[in-house]
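The next block holds one structure in the form of structure tokens; read it before the comments.
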Amino acid sequence: MLDKTQVERLEAEAVNSAKIRQPLYAARKKIFPKRASGNFRRFKWLVMAITLGIYYLTPWLRWDRGPFAPDQAVLLDVANRRFYFFFIEIWPQEFFYVAGLLVMAGVGLFLITSTVGRAWCGYACPQTVWVDLFLVVERAIEGDRNARMKLDAGPWTARKLMLRVSKHTIWLVIGAATGGAWIFYFADAPTLLGELFTGTAAAVAYITVAVLTATTYTFGGLMREQVCTYMCPWPRIQAAMLDESSLTVTYNDWRGEPRSRHAKKVQAAGQSVGDCVDCNACVAVCPMGIDIRDGQQLECITCALCIDACDGVMDKLGKERGLISYATLSDYNTNMMLATAGGSNSVNPPLVRTADGLFSDKLAHFHLRKIFRPRTYVYMGIWSLIGLGLLYSLLTRDRLELNVLHDRNPQFVTLSDGSIRNGYTVKLLNMIPEPRTLVVTMQGLEGAEMVVVGDDIPAGRSFAIPVEPDRLKMLKVFVRQPADQIRAPAQTFKFRVEDRASFESNEYTATFNAPEAPR
Ligand code: SF4
Ligand code: SF4
């Protein structure tokens, strides 16, 4: 029977501990993570609720863009080649905004990793979030760690069959909901939902849902930590991102070692003992099945659940929290030097404490200012510059574009009255979801007039033309100049397009070609 200052030892062994390193492609050992509770677990619940909420609910948000554009707040309209994001509408030629955002996301990931290690992996990566969600279902149906281990090891009974069928059915439903939510980003969500259930949606919608259901179920339910360990490149890349000032989840062996299950006996024998009571609580909660006491490992996603578990143990023992904590390598090294008398001994816990048993003032502690160092300033600078550049470009971008192509063959035609005619393809791009009447004018090219082919607009130097919302209008325009007005074989002039209601305008400088010596 344990007294209240004793901690039960859990039968938990790391799947890939320092003592028994398994080969890279060993058969999977099942992991049954115990439910953790504490500040980091609560924070993870919050992040999970926010990220899943954003993913599942965003396609259902509406945004009024008037009668000529879809009212879905976030929509990738592949058919019409548009991306809508609330009040922003991105055309294909503006895809650099998306590229810019991806670059910002990449630099942001560098910034986060160099400051707080693999926080992305531990809290916000879809794999982590969905595995957490699948584990919630598993625990609700099969119970916590011990119950699940017992069930797994036990024979197949009607109860086991029922529990397993229920679990896998709910996992599949989550997978289908995940795939379903994804396709809603590509079409009007309420309409597509109706079509899905009435069997009238496009085949590609059903195929996408099926593929994403299978991948979510397999990655989140069956493969779990295997995806992070074997499939994801990020653990390999992150090593280059970290430095001695990056925060990582660390077992502070300068206060934990020598670990012992029998601290009182060891102390009575005159030997020093660390704070770790070797209870394995940190191993039992680890979703990756590792033992953080073995040091930094590729498998560790820094989810910090071992911190919660160990803090609970320290609370129970009446010791300071933080035996496992977020720490920087430089702080850890400083404290290790203190605990080992400059590296000359093995860890001797009394060296980090005062005679009263309190921690020594010489111990290094993390301070926020350590986050702000040249490297992080550089990342923040790059990130902000790209963001400001994109914002400026977005706020000042044209919503009315004009493009002109001169006919290549023939370059000009000499008409029966001796005047010269050039042909142009004029492209008017109305990039707002409202119809507009645009006025096209010629500037320069004395005496010249233009006619729009196939339209009954009278010849002149200006004409007005309606353009549909969010559309490109292409016009074939002939420009004719009398022979006696021609000044050179190649004269430049301007096409100008104007929306007189909004005062937006755009210009294009074109060339008018004529023979060397017009007749
Ligand atoms: S060792 Fe700790 S931080 Fe790392 S994955 Fe396991 S529980 Fe999470
Ligand atoms: S580090 Fe903490 S949780 Fe892990 S075995 Fe030691 S005392 Fe237990």
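The values are calculated or read from the model by the stated rules, or taken from the named source; none is laboratory data. On a predicted model such as this, the values are computed, not experimentally measured, just so you know. Cβ atoms come from the backbone with ideal geometry, glycine included; neighbour counts cover every protein chain shown. In case anyone asks, the SASA skips ligands and DNA or RNA and just uses the protein heavy atoms, side chains included. Shrake-Rupley method; radii C 1.70, N 1.55, O 1.52, S 1.80 Å.
Applying the condition of being more than 22 Å from Thr115 (Cα to Cα) and in contact (Cβ under 8 Å) with a residue 60 or more places away in the chain to the stretch 299-324 and asking which residue is farthest from ligand 2 (Cβ to nearest atom) yields Gly318. Taking residues in the stretch 190-201 that are among the hydrophobic types (A, V, I, L, M, F, W, C), and partners anywhere that are not in a helix (DSSP H, G or I), the pairs with Cβ atoms closer than 7 Å and at least 6 places apart or on different chains are Leu192/Ala201.
I'd like the full set of residues that are without any contact (Cβ under 8 Å) to a residue 40 or more places away in the chain and either open to solvent by less than 30 Å² (accessible area, probe 1.4 Å) or within 16 Å of ligand 2 (Cβ to nearest atom) (or both), limited to the stretch 232-266. Hits for the stretch 232-266 are Arg259, Ser260, His262, Ala263, Lys264, Val266.
From the set of residues in the stretch 25-69 that are hydroxyl-bearing (Ser, Thr, Tyr) and away from ligand 2 (no atom under 16 Å from the Cβ), which is farthest from Phe85 (Cα to Cα)? Only one residue tops the list, namely Tyr25.
When you scan the stretch 182-200, do you find a residue that is touching a Pro at 6+ places or on another chain (Cβ under 8 Å), open to solvent by less than 60 Å² (accessible area, probe 1.4 Å), not aromatic (Phe, Trp, Tyr) and not in a helix (DSSP H, G or I), even just one? The answer is yes, given that some residue of the stretch 182-200 is touching a Pro at 6+ places or on another chain (Cβ under 8 Å), open to solvent by less than 60 Å² (accessible area, probe 1.4 Å), not aromatic (Phe, Trp, Tyr) and not in a helix (DSSP H, G or I).
In the set Ala341, Ala364, only one residue is touching a helix residue (DSSP H, G or I) at 6+ places or on another chain (Cβ under 8 Å), on the phi > 0 side of the Ramachandran plot and away from ligand 1 (no atom under 16 Å from the Cβ); that residue is Ala341.
Condition test on Leu172, is it among the hydrophobic types (A, V, I, L, M, F, W, C) and surrounded by 19 or more Cβ atoms within 10 Å (Cβ to Cβ)? It is false that Leu172 is among the hydrophobic types (A, V, I, L, M, F, W, C) and surrounded by 19 or more Cβ atoms within 10 Å (Cβ to Cβ).
Looking at the structure I just gave you, is Cys276 at pLDDT 95 or above, within 16 Å of ligand 1 (Cβ to nearest atom), part of a loop (DSSP other than H, G, I, E, B) and more than 21 Å from Glu8 (Cβ to Cβ)? Against the criterion (at pLDDT 95 or above, within 16 Å of ligand 1 (Cβ to nearest atom), part of a loop (DSSP other than H, G, I, E, B) and more than 21 Å from Glu8 (Cβ to Cβ)), Cys276 does not qualify.
Here Leu212 meets each of (1) of a type in the set (A, V, I, L, M, F, W, C); (2) part of a loop (DSSP other than H, G, I, E, B); (3) away from ligand 2 (no atom under 16 Å from the Cβ) with one exception, condition (2).
Checked against the criterion of being crowded, with 17+ Cβ neighbours inside 10 Å and either away from ligand 1 (no atom under 15 Å from the Cβ) or of a type in the set (A, V, I, L, M) (or both), the candidates Ile371, Ile301 yield just one match: Ile301. The one condition from (1) open to solvent by 30 Å² or more (accessible area, probe 1.4 Å); (2) part of a helix (DSSP H, G or I); (3) not charged (D, E, K, R) that Ser346 does not meet is (2). Within the stretch 304-326, the set of residues being under 18 Å from Lys34 (Cα atoms), among the small types (Gly, Ala, Ser) and away from ligand 1 (no atom under 11 Å from the Cβ) comprises just one member, Gly312.
A count restricted to the stretch 293-333 and to residues that are assigned to a helix (DSSP H, G or I) and more than 27 Å from the chain's Cα centre (by Cα) stands at 16.
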